[in-house]
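Participant: Dropping the structure in here first, questions after.
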Ligand SMILES: [Zn+2]
């Protein structure tokens, strides 16, 4: 692929990141992500086009609102840069338009879910529906792909549903729906890997946080970000990891 494709994906990623920030701020409260236009959360001044250029506006305005001078959350440029970099990675890794597009939409979904879950400990149904519908539209292009996606959906949702039953509420409904939606994108093998890596990351990092902050286990650490990180690893390197694991068994 030519370099301008990467540039195109980078810019697309930055703009998508900007939209993801709107989703992250508005979706938990149930407000629309299309209207009204963005305004400063402190002084309510409607933001102009120059205030909304991804990353650059933040840098040139020194991380402050142009009108009232209050601090703008670092979340905005970070999410924009992350989306930009992941879109380029998707274009480089998958090459084909379908693969790169599907991976980019999937990662956007996971980014929004992770940050909302971190802040609010919820995964809104609206965003899960988006994940499932986009997963179907972008990945169901052949009969084997359809079957693989359906299996991924059932395995992702099914296994976490069983975990929820056994642990009596240790697993939230949002996590179950997130795993099911991710399963459509990943197919059954990578969905199994995602669940394995998600639990691994969750227990290692979760335990570290508990030990460092001396929190009790009862204080809930959201599972969505771990599951999302595991989904991204499975998306890009799942095939390599599974091959390597199977070779170990032989
Ligand atoms: Zn302001």
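Participant: Calculate the translational D of the stretch 124-250 in whole µm² s⁻¹ from Stokes-Einstein, where the hydrodynamic radius comes from the Kirkwood formula applied to all Cα pairs, the temperature is 20 °C and the viscosity 1.002 mPa s.
Facilitator: My calculation gives 141 µm²/s for D.
Participant: Further question: Among 198-210, 119-131, 238-250, how do they line up by average Cβ neighbours within 10 Å per residue, starting with the highest?
Facilitator: 119-131, 198-210, 238-250
Participant: Expressed in nm to one decimal, what extension gain is obtained for the pair residue 11 and residue 211 from 0.36 nm per residue of sequence separation less their Cα-Cα distance?
Facilitator: 68.0 nm
Participant: Just want to confirm a number: the relative contact order over the stretch 1-95, from Cα pairs under 8 angstrom separated by 6+ residues, in percent.
Facilitator: 45 percent
Participant: Please state the relative contact order of the stretch 103-250 as a whole percent: Cα pairs under 8 Å, 6+ residues apart?
Facilitator: About 27 percent, as a whole number.
Participant: Using a 10 Å cut-off around each Cβ, can you sort 11, 105 from fewest to most neighbouring Cβ atoms?
Facilitator: Listed from fewest to most nearby Cβ atoms, that is 11, 105.
Participant: Okay, next question. Order these peptides, 165-178, 44-57, 15-28, by their mean beta-carbon neighbour count within 10 angstrom, highest first.
Facilitator: Top to bottom by mean Cβ count within 10 Å: 15-28, 165-178, 44-57.
Participant: Provide, in order from the shortest bin, the percent of all Cα-Cα pairs of the stretch 1-95 in each 10 Å bin, continuing until the bin that contains the maximum pair distance.
Facilitator: Using 10 Å bins, I get a P(r) of 16, 43, 28, 11, 1 for the stretch 1-95.
Participant: Could you give the distance between the Cα centres of the stretch 12-91 and the stretch 114-137, to the whole Å?
Facilitator: Cα centroid of the stretch 12-91 versus Cα centroid of the stretch 114-137: 19 Å apart.
Participant: For the pair residue 137/residue 98, report the inter-label distance in nm, with labels modelled 7 Å from Cα in the Cβ direction.
Facilitator: Going from the residue 137 label point to the residue 98 one covers 1.7 nm.
Participant: Given 0.36 nm per residue, what is the gain on full extension from residue 164 to residue 4 after removing their alpha carbon distance, in nm?
Facilitator: That pair, residue 164 and residue 4, stretches by 53.0 nm at full extension.
Participant: What FRET efficiency would be calculated for the residue pair residue 241, residue 59, taking the C-beta separation as r and a Förster radius of 35 Å, to the nearest 0.05?
Facilitator: Plugging the Cβ-Cβ distance into 1/(1 + (r/R0)^6) gives 0.45.
Participant: With runs of 4+ DSSP H residues as the only contributors, calculate the mean residue ellipticity of the chain at 222 nm using -39,500 (n - 2.57) per run, divided by the residue total and rounded to the nearest 500.
Facilitator: -25000 deg cm²/dmol
Participant: Next up: Based on the Cα coordinates of the chain, what is the per residue volume of their convex hull in Å³?
Facilitator: Spread over its residues, the Cα hull of the chain gives 156 Å³ apiece.
Participant: Now for a separate question. Tell me the relative contact order for the chain as a rounded percent, counting alpha carbon contacts under 8 Å between residues six or more apart.
Facilitator: 17 percent
None of the figures in this text is laboratory data; all of them are computed from the coordinates on show. Remember, predicted model here, so these are calculated numbers, not experimental data. Using ideal geometry, Cβ is built from the backbone for each residue, glycine included, and neighbour counts are taken over all protein chains shown.
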